[in-house]
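Written out below as structure tokens is the structure these notes cover.
Throughout, read-outs are computed from the coordinates displayed, never taken from laboratory work. Because the structure is a prediction, the values reported are computed rather than measured. Virtual Cβ from ideal backbone geometry, glycine too; neighbours counted across all protein chains shown.
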Amino acid sequence: MTRISKHVVAALLALTALLAVDAVHAAAAAWKPEKAIELIAINAPGGGSDRILRIVANVLQERREIGVPIAVVNKPGGGGSVATVYLNQRPGDGHYLMLASKAILTNNIVGQGPSYTELSPVANLFAEYISVTVKPDSPIRNGRDLVERLKKDPAALTFGIATSLGNFNHLGVVAALKEAGVDVKKARNVIFQSGGAATTAMLGGHIDVVPITAAFAASLLHNRQVRLIAVTSPMRLTGVLAEVPTWREQGYDAVVSNSRSLFGPRGMTDAQVAYWDGALRRMVDSDEWKKELEANFWTTEYMDHVETRRQMERDYVQLKAFLTELGLARQ
């Protein structure tokens with residue numbers, strides 16, 4: 001083969017590669033929703049997933065990003081398992097997305113849910129922190145008081161956990177208790193289908209402590225429905241939560257953040273994922289979304305489907321080690 005022909009071959013190969021990339025981009029641009037979108041919440045109305053998805057739906061509709069109706073559908077139960085089964089009954093359909101937290105990892109680790117690998121990661125939207133709440137008239141005044149009571153008797157108080165043991169609501173308390181030397185295996189926990197249901201039970205005097213998202217806690221605190229005794233952020237939050245001490249301030253190195261990610265059913269196409277990445281990137285760059293971040297104490301942390309899957313892989317390893325140490329991991 002002559003030197004000129006080698007150059008010609010190289011040029012043809014490069015052209016072929018460019019055409020292949022263009023074909024992928026063209027395919028990605030070709031898909032768009034043709035029917036109503038369902039955003040699937042893993043808990044009942046009023047829970048964290050439900051509330052976040054209603055905000056996502058409102059911002060997308062206000063900005064007219066999606067040319068079809070958007071509905072939030074609630075599928076509570078099994079720490080997200082019911083929602084996951086519902087989602088995967090529609091393989092390869094980009095009209096269905098489920099909001100999940102890192103609980104999708106912890107549920108699987110403790111043997112109560114499917115693996116994230118059975119779904120199609122679409123994007124990670126943001127991270128949030130957990131607040132620990134008690135009734136306004138509770139004798140528990142702060143995080144140290146809670147810890148000292150449980151050091152004396154780990155079963156002295158009852159926790160309301162939404163929506164499963166080992167998830168980040170649960171870890172928002174357990175991480176500090178473990179740091180303090182409390183035998184968390186003896187703690188009494190009651191599982192609820194949403195943070196709203198757990199809070200209602202606490203206000204009714206049926207349980208003592210409920211860890212919930214900072215945003216939900218802020219709304220309850222604003223109405224003087226609860227007292228906040230700790231937050232899992234590395235430093236104090238702002239606004240109505242500015243007076244709430246962190247676990248670190250109270251002597252326990254327990255920083256816990258939870259990510260909120262969107263997943264589609266297994267078998268989604270590159271075109272469908274690319275469509276949603278474009279729509280969601282425009283959403284998170286909007287002023288409307290940035291206002292929601294500030295109002296809800298969320299930390300922006302957008303990742304596309306590739307980055308989201310990689311982060312899930314890293315988090316799974318770390319969480320499995322932590323939950324194994326707590327005796328919660330499935331053997």
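Under the rule a/c < 1.5 gives rounded, and otherwise a/b versus b/c splits prolate from oblate, where does the stretch 129-241 land using the Cα gyration tensor? Rounded shape, in that the Cα axes give a/c under 1.5. Taking all Cα pairs closer than 8 Å and separated by 6 or more residues, the relative contact order of the stretch 129-241 comes to 44 percent. Decide, for the stretch 208-331, between rounded, prolate and oblate: order the square roots of the alpha carbon gyration tensor eigenvalues as a ≥ b ≥ c, take rounded if a/c falls under 1.5, and otherwise choose prolate if a/b is larger than b/c, else oblate. Oblate is the answer for the stretch 208-331, as a/c is 1.5 or above yet b/c matches or exceeds a/b.
Bridging of Lys291 to aspartates and glutamates at a Cα separation below 20 Å is possible for Asp50, Glu62, Glu65, Glu128, Glu301, once same-chain residues fewer than 8 apart are set aside.
The stretch between Ala155 and Asp315, if pulled fully straight at 0.36 nm per residue, gains 54.6 nm over its current Cα-Cα span.
Of all lysines in the structure, the ones whose alpha carbon falls short of 22 Å from that of Lys35, not counting any fewer than 8 places away in one chain, are Lys75.
Rounded, prolate or oblate: which fits the stretch 287-331, taking a ≥ b ≥ c as square roots of the Cα gyration tensor eigenvalues, rounded meaning a/c under 1.5, else prolate when a/b beats b/c? Oblate. Cβ crowding within 10 Å, taken as a proxy for footprinting-reagent exposure, orders His305, His206 from fewest neighbours to most as His206, His305.
Here is how the number arises for the chain: DSSP H runs of 4 or more residues each give -39500 (n - 2.57), the sum is divided by the residue count, and the result at 222 nm is -14000 deg cm²/dmol. Amide H to amide H distances under 5 Å link Ala41 with Val73, Asn74, Lys75, where only residues 5 or more positions off or on other chains count and H is placed in the peptide plane.
Placing +1 on each Lys and Arg Cβ and -1 on each Asp and Glu Cβ, with no other charges, gives the chain a dipole about its Cα centre of roughly 440 debye.
Counting other Cβ atoms within 10 Å as a rough exposure proxy, the listed residues Ile40, Ile207, Ile70, Ile191 run Ile191, Ile70, Ile207, Ile40 from fewest neighbours to most. Proximity of backbone amide H atoms, modeled 1.01 Å from N, is registered between Val110 and Arg330 at under 5 Å, excluding neighbours fewer than 5 places apart on the same chain. Residues whose amide H comes within less than 5 Å of that of Asn189, counting only those at least five positions distant or on another chain, are Phe159 (H built at 1.01 Å from N in the peptide plane).
Placing a pseudo-label 7 Å from each Cα along the Cα-to-Cβ vector at Arg141 and Val255 gives an inter-label distance of 2.9 nm.
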